[in-house]
C-alpha cells in the first residue's frame, strides 16, 4: 500500500525489517503491537548484530591479551562512543553501561545519593514518575532521613511548572523527573526545569526512558547532570541501559557495585577504585547487548529521530480522534500536541483488564494496569488504565484496528 | 470447547454474574469478614459471612470492584458456599474455584479469579471484631479504604 506523501516516514516498508511484526495470532489475526512504552521490538539488523557478535567476535572485555578479547573490547568501546554521539555527551567516559534504566537510577541513588544526601534534605520528583524513579529515592529516604516531595500535574496531565518551581528551595539536593511520562505521554519542558533546579542549587537526574527512543536527545542542551535510559525501549536488547553522568559528578562518586573491572588494584587490606567509566561497571558488563544497542542507534539514526517524533504524534492524534468517536472514553494525559505517542485511557464501566483482554483477542496488544505508576493513578483517581503506545513501525491502519477492537468490546459488554 | 477466546471468558453465564451478581452487598449479623486486593490491577474483594454455631455458612456476601473476572467469580463463589459446612469450604481448592468459573484463564487472569477464593479462605479465620485473627492465611488485608457500591469499575470516586 502506498504511503500518503504527507507522512514523515514509510512505516509499511520499515516494519518489514521487524520479523515479529508479521506474527499472526488468535486464528490468523495480524498482531497489532501497541505496547512500545513497555518494550519495543527489534529489527533484523539488531538481531543480526547479536548473532554476529556471538558467532565471530565474542570474548570478555578489558581482560584478555588475546586477539578475541581485543576485538570484543574494541566493539564494546565503540558502542560507548556511539551512545555518546547519540545523546551528545561531551566525553565518552561519561557514558556508563548498566543493565537498564532502573539500574542506572539506582546507581545514582546509592552512590551519589548516599554520599550527598542528609536528613532534612529534599528530593523533588513529579507525581507522574515511574516507580523506578520513585522507589530508589524512597529507599534513599529510608537510609538518610531525607524528604521526598512531588510536583503536581494539572487536570490535563501536564506538570504544574509554577508549583514545581515553588517546591524548589535551598534544601533541594536532587530533582529527578521523567522527560516523557510513561502513562500520560506528557512531554516535560526538561531544559527549563533543569535550569530552575540548577538555580536552586539542585542536581538533576532525567529519566529519559520514554524520550530517548522517540526524539533527538542532547544532554548538553538539557544541561542535565544525570540521564538514564534503557536499550530495550529503543530497538535494542534487554539487559543494557545507560547512565549518562556529568564528569565532575561521576569523578566524585564512590563505586556502587564492587567487583572486577571497577578497581585499579586490590590488596588484602582494601581496594583502590578504577577510573571512569570502569569504576561503575563492576563485573562482566552487558557486552553483546551493548553492541545490539549500537546497531539500534544506527537504525534509529537512519530513520531519523525528528521524523519518528512527528510520525508518532500523528498516530496519537489519529488515536485520539478515533477513540473519541467511539465514546465512553476518558483520556489520561494532555491533547496530542503536548505529548509523545502514548495514548492512555479508561473505558466507562469496563475494567482495564477486560478492555485489554477483549482487544487481545482481536490481535491488539495494549498495556492494562497501573503501568508502574501507582501514585499517578491514585492522583488521577483511577485504579487501572489502558495504554496504547506507538512506535514508528505502527501504522494508521493499526490505529483503526485499535478503534475496531473497542467496538468489539462494547459488543461483548453492552449486548443486553 | 477448551480453546480460550473472549467469547469463552465473557460468555453469557459469566457476564450474568458480573452484571447481576449474587449477594453483592452487606451481610447482616456477619460473624466473619475479610478483605483483600490485587494491587496489580486494583481488584478489591470484601467478603462477609454468617457462620452458624453448627459451623455452617448460612449467608455469604461480597462487595468490591474490579474486572469482570474478579467480580463474576466472587458472585459464583458466594452462591456456591452458602449452605456448605466450614470444612467443605476449607476443602474447596483453588483448582475447584477455577473449575467453578469455567472459562479457561491465563495465569495472570487466574489471579483475578482466585482473589475472592483467597478472601473467603482468610475470612473463615477472621471472626468479626477479632483483629488478631486476621491474616492467618498469610493474605494481606487491604490497607486502603475501598469505595464500594456501584458498577463504576476502574474508578475511585
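The values are calculated or read from the model by the stated rules, or taken from the named source; none is laboratory data. Worth saying up front: this structure is predicted, and the values here are computed from it rather than measured. Cβ atoms come from the backbone with ideal geometry, glycine included; neighbour counts cover every protein chain shown.
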Inspect all residues belonging to region B:82-101 and state whether any of them is crowded, with 20+ Cβ neighbours inside 10 Å and out of contact with any helix residue (DSSP H, G or I) (no Cβ under 6 Å at 6 or more places or on another chain).
no
Does any residue of region B:59-74 turn out to be at positive phi and more than 14 Å from every other protein chain (Cβ to nearest Cβ)?
no
Answer yes or no: is there a residue in region B:41-57 that is surrounded by fewer than 20 Cβ atoms within 10 Å (Cβ to Cβ), assigned to a strand (DSSP E or B), away from chain A (no Cβ under 14 Å) and touching a strand residue (DSSP E or B) at 6+ places or on another chain (Cβ under 6 Å).
yes
Where residues in region B:100-144 are within 17 Å of the chain's Cα centre (by Cα), assigned to a loop (DSSP other than H, G, I, E, B) and within 14 Å of chain A (Cβ to nearest Cβ), which of them is modelled with the lowest pLDDT?
B:142
Quick check: anything in region A:267-275 crowded, with 20+ Cβ neighbours inside 10 Å, over 22 Å from residue A:387 (Cβ atoms), in contact (Cβ under 8 Å) with a residue 60 or more places away in the chain and not assigned by TED's automatic domain parsing to the domain that holds residue A:392?
no
Which one of A:138, A:48, A:115 is surrounded by fewer than 17 Cβ atoms within 10 Å (Cβ to Cβ) and closer than 30 Å to residue A:13 by Cβ?
A:48
Inspect region A:191-203 for any residue being in a loop (DSSP other than H, G, I, E, B), out of contact with any helix residue (DSSP H, G or I) (no Cβ under 9 Å at 6 or more places or on another chain) and surrounded by fewer than 23 Cβ atoms within 10 Å (Cβ to Cβ) and give the result as yes or no.
yes
Among the residues of region A:222-254, write down those that are in a helix (DSSP H, G or I) and touching a residue at least 40 places away in the same chain (Cβ under 8 Å).
A:247, A:249, A:250, A:252
Within the group A:250, A:291, A:235, A:205, which residue is over 19 Å from residue A:102 (Cα atoms) and either assigned by TED's automatic domain parsing to the domain that holds residue A:87 or in contact with a strand residue (DSSP E or B) (Cβ under 6 Å, 6 or more places away or on another chain) (or both)?
A:291
Being at the interface with another protein chain (Cβ under 10 Å from one of its Cβ atoms), within 30 Å of residue A:386 (Cα to Cα) and touching a strand residue (DSSP E or B) at 6+ places or on another chain (Cβ under 6 Å) is the requirement here; does residue B:35 meet it?
no
If I ask for residues that are over 14 Å from residue A:93 (Cβ atoms), part of a loop (DSSP other than H, G, I, E, B) and in contact with a strand residue (DSSP E or B) (Cβ under 9 Å, 6 or more places away or on another chain), which ones from region A:256-281 would you list?
A:258
Kindly evaluate residue B:77 against the criterion of being more than 10 Å from chain A (Cβ to nearest Cβ) and in contact (Cβ under 8 Å) with a residue 40 or more places away in the chain.
yes
